[in-house]
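Derivation of every value follows stated rules applied to the coordinates shown; laboratory data play no part. Predicted model, so just to flag it, every value in this text is computed and none were measured.
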Amino acid sequence: MRNTKRFTSLAAVAMLGLMVAACGSDGAASDATDAPAATGATGATTAPDATTAPGGTTAPDGTSAPAASGPKVGLVFDIGGRGDQSFNDSAAAGIERAQSELGITFTEASPNDDGSNRKELLDLAAESSDIVIAVGFLFEADAAAVGKSNPDKTFGVVDSAMLDFSDASKPEGVPYGDNIAGLVFSEEQGSFLVGAAAALKSTSGHIGFIGGVKGVGGLIEKFEAGYKAGAKAVNPDIVVDANYITEAPDFDGFNAPDRGRDIATAMYDGGADIVYSAAGGSGAGVFEAAKASSEAKGSKVWAIGVDSDQYNTSDPAVKDYILTSMIKRVDVAVFEIIKAQMDGNVKGGPTRYDLSVDGVGYATSGGFVDDIKDKLEAYKADIISGKIVVPTDPTKV
């Protein structure tokens, strides 16, 4: 989406229902073991059940939605926008649910390919919206600046690591105000569970991990650390290959399916039989590689998805090669900050979504992990209880 500077009002677009399949709103929750319709996060208001109001409009799922009486919301996607079958689509599902259940109106926009217009898009959103939601940590500094200039508006930043960690990583001269909320996740916990699943299902004792971009405040490294820890909890001798598509400040690794495919193919050729991709849109290439390698070898190899239940959102041709997905409930976080805004309960700083509130988890679509579900649930219980503390640094696994 090169040089995108437009906002599209979606409140009254009758064709919105056609977008639902593309953004995977059903897949984000329907078959995810740890993904109820809406859950409360630490410090966040629990989302209500679906409601129907007289005189409402038709929601994307065909149900009656409340009349547009809620706040105006500006959603600014990460690079790639709708259709990534992952991170951005999960955010889209959350805001569409808010439209359906809460009667909000919203606009949406996506940065250009190099992300150079992020601040411009936030400024535009703030002009017309009561609450602005930025999808991705790359918005942090710009959200801080725009939020300071608009103290009467609420800003939510998904994966805002600087808000999450009060240390030297916070840039000098860019204070975060009380009107900026960080929506953060315990990705290492969900990744532990899919790592355990990989080790339980691997017949070679050799698996792989592909990260999108290395060196962005340790964010993607959390996925790697959890995955390795989960796999080694099952099999201490398992071999885990790890590779990253790019390294910061090159963020193309989140939207490079061809490079994801090449790295995954090399891992499968090297003996790995399951590869977990935490690389946004690049994961589509990993799924293609799993299919191609399975057909070439005559024996099945698997891929593991991320963020959304990618069995339900990916090309039907590859879904039978997706063992499970690490669910990251960006949709719930987006819905809940909007609900909190309406209730007057938004708080600045981080709100964490972890296993204890089903903010992360694993998917069961396809039935490929049904035979090990009891073991995965036991690991989940141990993490929630504190018996297992999942590391966030892969060098310490």
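Amide H to amide H distances under 5 Å link ARG82 with no residue, where only residues 5 or more positions off or on other chains count and H is placed in the peptide plane. Amide H contacts of TYR353: VAL184, PHE185, SER186, each under 5 Å away and 5 or more positions distant or on a separate chain (H built 1.01 Å from N in the peptide plane; Pro and chain starts excluded). Convert 37 °C to kelvin, take the viscosity as 0.692 mPa s, use the Kirkwood radius over C-alpha pairs of segment 261-329 as Rh, and evaluate the Stokes-Einstein diffusion coefficient in µm²/s, rounded to a whole number. Estimated via Stokes-Einstein, D reaches 285 µm²/s.
In this structure, the amide hydrogen of LYS214, modeled 1.01 Å from its nitrogen in the peptide plane, lies closer than 5 angstrom to those of THR246, GLU247, ALA248, counting only residues at least 5 positions away or on a different chain. Look at the alpha carbon pairs under 8 Å that are at least 6 residues apart: their mean separation over the length of segment 73-129 gives a relative contact order of 49 percent.
Calculation over all alpha carbon pairs of segment 214-293 in 10 angstrom steps from 0 returns a P(r) of 19, 49, 30, 2 percent. Over all pairs of different C-alpha atoms, segment 299-386 has a mean inverse distance whose reciprocal, the Kirkwood radius, equals 14.9 Å.
Extents of segment 226-380, largest first, come to 57, 39, 31 Å (Cα atoms, principal axes, whole angstrom).
Given in Å, the Rg to one decimal and the Dmax to the nearest whole number for the Cα atoms of segment 342-393 are 15.1, 44.
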